[in-house]
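**Q** I have a structure here, written as structure tokens, and I will follow up with some questions on it.
The values are calculated or read from the model by the stated rules, or taken from the named source; none is laboratory data. The structure presented is a predicted model; accordingly, all values stated were derived computationally and were not measured. Here Cβ is always computed from backbone atoms with ideal geometry, including for glycine, and neighbour counts include all displayed protein chains. Heads up: the accessible areas ignore ligands, DNA and RNA and are worked out on the full protein's heavy atoms, side chains in. Shrake-Rupley method; radii C 1.70, N 1.55, O 1.52, S 1.80 Å.
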Amino acid sequence: MIVTVTLNPAIDEEYVVPEFRPGGWFRVSRVQRSPGGKGINVSLILKQLGVETAAMGFLAGFSGEYVRDVLRKAQITTNFLHVRGETRTNVYIVDEVGKVETGLAELGPYISEDEIARFLSNYERILKRTELVVLGGSLPPGVPQDFYCELIRLAKQREIPTLIDAAGAPLLAALDEGPTYAKVDQRFMATYEGVALNSLDNLIEAVQRVHSHGVEWVIASYRTYGNVFCTHEGVFLAEFDRKGIVSMFGSGEALIAGLILGGQERMETKDRIVFGMAAALENALHVEKGIRDRAAVERQIPRIRFERLL
Amino acid sequence: MRICEVMDRDLTALSAETTLSEAIEILTRHRVSGLPVVDGAGRVVGFVSEKDIVKAALPGYFDYLQDPSFIPDYGQFQKRLKKIGKDPVSKIMAKEIVSFSEEDSDFYVAITLIRNHLKRAPVVRDGILVGVVNRADLLERIMLEEESPSFA
């Protein structure tokens, strides 16, 4: 079984407000509500691709109930720890006229030491029948910054591969522990080990450095519609053009889901990267998060430009 | 229909060492009336419901009372509940449990739940917990099925 860990899930609320500006009072022309958090998104997209996962992490209050309910209706296995407080809501205000997106992110509920201990005992129990652990997103208040290290260490002890998609201090700490896959979001990380991630050459240098720390697959976003991949077979760039793109929201998770499916089906590295990128593109073609189905992803494969950099 | 289509694939469970006060907290926080008890590998070894906890905290003579209305307050109950709060759930959990497999039919599950006066029961695969089945969810499903056009 694949386990996804979302320590700080959210409800993503997307409000469409034409000509939005601060200080005004607006009627919302459309609102879209969906459960969020990287691990949960990966679980939902993998389900659309026909891959079973178990989602775990912390949930709280009414928002937590909502997230659980959506996962339950999607028939995804859950093992969340319900805590005091309220699962956060992330608000996105999309102005289709001015093409501006405004975002507001909450911190999330406070997690006590007891709750962390209880989570760890659930995690260790589920690891006994896990083939891959996907760790993603920010950490809620109370959870130590190096918590991903501990989760990676526990998985490694059982020789279970791990994938991390995070940013900032939690990601840097996790990289030291050597996860199998790491996705670095360059938008939230301007430098790595003193290298500014502002050019392709610098980005290649940074992913190679991460790779040399024992991370088998390093994925770093490059410009808006591309990713650089560093594997033991070489460094690759895959991109698509912006034609028809509505929202990149959730595309990072679609890429991860595609790569996981490709791994399960033992695709060649190139095919795996292209399939993952096609999933990311399919996700971006509509406002709704997630992909339509596998056939829709496969239709996007011809649009992916793939090249070997090194 | 197979029960895997109606079941709740939630793995929330207690361990045999969980204390009763912690179990009460988890039951309330998760808003459920009972939870499976599993070992380190996720194998179901028991089931604890709020009914079991109430029963354990009630004074021994309670069963013999014809009418408990003369009891002035829940003072004694509270005292006993706090006293057993540190006990592990293994002390009061039901060890002979009714469980189902994902392939069981919804009708078989419904009948078994009714016969055993159960609200919730674990669903297992090779003894490992894979979810729970709720009486209320089954009722809802049966209600909807009657309205489905295939019955017309």
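**Q** Which GluC sites (Glu not before Pro) in the range B:1-75 pass both tests, a DSSP loop state and at most 15 other beta-carbon atoms within 10 Å? Spell out each step's value before the answer.
**A** Numbers: sites: B:E5, B:E17, B:E22, B:E25, B:E50; in loops: B:E17.
Loop-located and lightly packed - B:E17.
**Q** For the pair B and A, how large is the buried accessible area, both sides, in square angstrom to the nearest 100, if the probe is 1.4 Å? Each step should come with its number before you reach the end.
**A** Details: alone 10040 and 14410 Å², together 22590 Å².
Using a 1.4 Å probe, the pair buries roughly 1900 Å².
**Q** Within 10 Å, at most 13 other Cβ atoms, and a DSSP state outside H, G, I, E, B define an exposed site. Report the longest part of chain B free of exposed trypsin sites (Lys or Arg not before Pro).
**A** Details: sites that count: B:R31, B:K86, B:K95.
For trypsin sites (Lys or Arg not before Pro) (loop position, at most 13 other Cβ atoms within 10 Å), the longest site-free span of chain B is B:96-152.
**Q** What's the angle, to the nearest 10 degrees (0 to 90), between helix B:75-84's Cα axis and the longest principal axis of chain B?
**A** 70 degrees
**Q** For every other residue with a beta carbon closer than 9 angstrom to the beta carbon of A:Q48, add +1 if it is Lys or Arg and -1 if Asp or Glu, then tell me the sum. All intermediate terms of the calculation are to be shown ahead of the outcome.
**A** Details: positive: A:K47, A:R292, A:R294; negative: A:D293.
Once all neighbours under 9 Å are counted, the net charge is +2.
**Q** Work through the residues other than A:V91 whose Cβ is under 13 Å from its Cβ and net out their charges, Lys, Arg +1 and Asp, Glu -1.
**A** Numbers: positive: A:R33, A:R88; negative: A:D12, A:E13, A:E14, A:E101, A:E106.
Residues close to A:V91 contribute a combined charge of -3.
**Q** Straight distance only, please: which lysines reach the Cα of B:K55 with their own Cα at less than 27 Å, same-chain residues fewer than 8 apart left out?
**A** Cross-link targets: B:K79, B:K82, B:K83, B:K86, B:K91, B:K95, B:K119.
**Q** Between the range A:125-163 and the range B:2-58, what is the C-alpha centre distance in whole Å?
**A** So the separation of the two Cα centres works out to 25 Å.
**Q** Mind putting together the pair-distance distribution for the protein assembly as shown? All Cα pairs, 20 Å bins, whole percent per bin, short to long.
**A** Going out from 0 Å in 20 Å bins, the protein assembly as shown shows 22, 51, 23, 4, 0 percent.
**Q** Under a 5 Å amide H to amide H cut-off, with H placed in plane at 1.01 Å, what residues pair with A:D185 once short-range neighbours are removed?
**A** A:A166
**Q** Separate question: Full extension from A:I245 to A:Q157: what is 0.36 nm times the residue separation minus their Cα-Cα distance, to one decimal in nm? Intermediate results must be reported in sequence, preceding the final value.
**A** Details: separation 88, 0.36 × 88 = 31.68 nm, distance 4.18 nm.
Length gained, A:I245 through A:Q157: 27.5 nm.
**Q** Next up: Taking the range A:255-293, which GluC sites (Glu not before Pro) meet the DSSP loop condition and have no more than 11 other C-beta atoms within 10 Å?
**A** Hits after loop and neighbour filter: A:E265, A:E268.
**Q** Give me the one-decimal nm value for the distance between modelled label points at A:E65 and A:L200, 7 Å along each residue's Cα-to-Cβ direction.
**A** It works out to 5.2 nm between the two label points.
**Q** Another question, then. Report the residue, chosen from B:I24, B:I71, B:I84, that carries the largest GNM mean-square fluctuation when chain B is represented by alpha-carbon nodes joined by springs under 10 Å.
**A** Its mean-square fluctuation being the largest, the pick is B:I71.
**Q** Follow-up. Give the residues of the range A:1-15 whose amide nitrogen is closer than 18 Å to a point set 7 Å from the Cα of A:N90 in the direction of its Cβ.
**A** From the range A:1-15, the list is A:4-15.
**Q** Here's a follow-up. At 1.567 mPa s and 4 °C, plugging the Kirkwood radius over alpha-carbon pairs of the range B:11-124 into Stokes-Einstein gives what diffusion coefficient in µm²/s?
**A** On the way: Rh = 15.5 Å.
Translational D for this selection: 84 µm²/s.
**Q** Give me the distance between the Cα centres of the range A:18-59 and the range B:81-144, rounded to whole Å.
**A** Measuring centre to centre over Cα atoms gives 32 Å.
**Q** Can you list which of the GluC sites (Glu not before Pro) found in the range B:83-122 are DSSP loop residues with at most 12 other C-beta atoms within 10 Å?
**A** Passing both the DSSP loop test and the Cβ count: B:E96, B:E103.
**Q** Longest span of chain A, sites excluded, free of trypsin sites (Lys or Arg not before Pro) in DSSP loop with at most 15 other C-beta atoms within 10 Å?
**A** Values: sites that count: A:R27, A:R84, A:K99, A:K128, A:R129, A:R158, A:R223, A:R242, A:K243, A:R266, A:R292.
Answer - A:159-222.
**Q** Shifting gears a bit: May I ask you to evaluate 6.51 cos²θ - 1.76 cosθ + 1.60, the Karplus curve with θ = phi - 60°, for each residue of the range B:36-49 and list the ³J(HN,Hα) values in order in whole Hz, giving x for glycine and proline?
**A** With the stated coefficients, the range B:36-49 comes to x, 10, 10, 8, x, 9, x, 6, 6, 10, x, 8, 10, 10 Hz.
**Q** Work through the residues other than A:V143 whose Cβ is under 14 Å from its Cβ and net out their charges, Lys, Arg +1 and Asp, Glu -1.
**A** Working: positive: A:R88, A:R118; negative: A:E113, A:D114, A:E115, A:D146, A:E150.
Result for the neighbourhood of A:V143: -3.
**Q** Relative to the present Cα-Cα distance, how much length would full extension add between B:S90 and B:Y64 at 0.36 nm per residue of separation?
**A** Values: separation 26, 0.36 × 26 = 9.36 nm, distance 2.59 nm.
In short, 6.8 nm is gained.
**Q** A further question follows. Pull up the DSSP beta bridges for chain A and report the antiparallel fraction as a percent, rounded to 5. Walk me through the intermediate numbers first.
**A** Working: 29 of 64 bridges.
Antiparallel: roughly 45 percent of the beta bridges in chain A.
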